[in-house]
Amino acid sequence: MVERALTVAHNGVGGACEGFLAAPVRGSEAGVLVLAGSSGRIEDGRCRILARAGLTALSVRWFGGPGQPPGICEVPLETFESATELLRSHGARRIGVLGTSKGAEAALHLSVLDLGVDAVVAVSPTSLTWANVGPGRDGRTRPYRSSWTWRGEALPFVPYDDSWTPTGAEGAPVSVLGWYERSRHTFADRVGAAAIPVERSAADLLLVAGADDAMWPSLRSAEELASRRRAAGRPVRLIARADGGHRPRFPGEGPAPVSDRFLYGGSPVADAALGAAAWPYVLDVLRGPGGL
């Protein structure tokens, strides 16, 4: 396996982003862009696992770095376009995007924008574009703005209902599932415009979600996405478990770290079982017909 840290130039949006690439020694015609969620981390461990399975895998820091928004606020989707172009420069003919949580939100948008994305694996996805998580370039978190822009225009989004308050003991980790559910109800008039139109995407789509997700309603969202895909005659597969949480773990990955801020649902055993159930389908959809 070949691996290296690198810098990916943004496509027409200025600056650059840190990245990590791992690939089989002989290269691969299947490339995958790996996107973390709101942690913003570079998923080097997941890239290595994918490279051992025969794919060229690239992960980038898409916010919080030099020249980038400090939070997930009006992040230019062109950032990821540059990363897919880098995968092509390394010999990939089939391009996949594997995103988790907010990374899945980005991955779904990339497939709709027709950027040559052939496959998407959306882990713990949303079916909607949500408001910013963290501050924008101006350092402000309010008023709420879209998480994403494309060609300088903000994508329609659902804001958060700030009247929601968490339950549980003060100082204990919280589940924000109820916040997303309340916000969707409060701003129901904005849901239609904010729906990610996956029915327009020509990419193959795999959805992975657990019903015990305590971060946001990923299984409900995955079912909505799958329903719209099927109605449009587009390919889709949904892998789900009733006891899975927000952070499924693939074979070769250890348990997700315990958080002192948030509850994610699931358990180490359930999350590993969901990841193991999804893994063969993850590789199939990323490799594509004939297993590039």
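Looking at segment 1-112, the strands (runs of 3 or more DSSP E) lying wholly inside it that each contain 2 or more residues that are open to solvent by 10 Å² or more (accessible area, probe 1.4 Å) and not charged (D, E, K, R) sit at 2-9, 16-23. Just one of the listed residues (211, 203, 222) is in contact (Cβ under 8 Å) with a residue 60 or more places away in the chain and in contact with a helix residue (DSSP H, G or I) (Cβ under 7 Å, 6 or more places away or on another chain), namely 203. Counting only residues that are open to solvent by 80 Å² or more (accessible area, probe 1.4 Å), part of a helix (DSSP H, G or I) and in contact with a strand residue (DSSP E or B) (Cβ under 9 Å, 6 or more places away or on another chain), segment 255-292 holds 2 of them.
Restricting attention to segment 177-194 and to residues that are touching a residue at least 24 places away in the same chain (Cβ under 8 Å) and among the aromatic types (Phe, Trp, Tyr), the residue that is surrounded by the most Cβ atoms within 10 Å (Cβ to Cβ) turns out to be 180. Among the residues of segment 228-254, the ones that are of a type in the set (Val, Ile, Thr) and open to solvent by 30 Å² or more (accessible area, probe 1.4 Å) come to 1 in all. Put simply, of 250, 262 the only residue that is in contact (Cβ under 8 Å) with a residue 60 or more places away in the chain, of a type in the set (Phe, Trp, Tyr) and either in contact with a Cys (Cβ under 9 Å, 6 or more places away or on another chain) or more than 23 Å from residue 147 (Cα to Cα) (or both) is 250.
Note on segment 29-44: residues that are out of contact with any Gly (no Cβ under 6 Å at 6 or more places or on another chain) and either among the acidic types (Asp, Glu) or touching a residue at least 60 places away in the same chain (Cβ under 8 Å) (or both) total 8. Restricting segment 88-106 to residues that are in contact with a helix residue (DSSP H, G or I) (Cβ under 8 Å, 6 or more places away or on another chain) and aliphatic (A, V, I, L, M), which is farthest from residue 235 (Cα to Cα)? For segment 88-106, the residue satisfying everything is 106. Taking the condition open to solvent by less than 10 Å² (accessible area, probe 1.4 Å) and not polar (S, T, N, Q), does residue 219 pass? No, not satisfied. Looking at 166, 135, which one is more than 30 Å from residue 284 (Cβ to Cβ), touching a residue at least 24 places away in the same chain (Cβ under 8 Å) and either assigned to a loop (DSSP other than H, G, I, E, B) or in contact with a Pro (Cβ under 9 Å, 6 or more places away or on another chain) (or both)? None of the other options fit; the residue is 135.
The values are calculated or read from the model by the stated rules, or taken from the named source; none is laboratory data. Just so you know, these numbers come straight off a predicted model, no measurement behind them. Every residue, glycine among them, receives a Cβ derived from its backbone with ideal geometry; neighbour counts consider all protein chains shown. When the accessible area is computed, the model is the full protein with side chains, heavy atoms only, and any ligands, DNA or RNA have been set aside. Shrake-Rupley method; radii C 1.70, N 1.55, O 1.52, S 1.80 Å.
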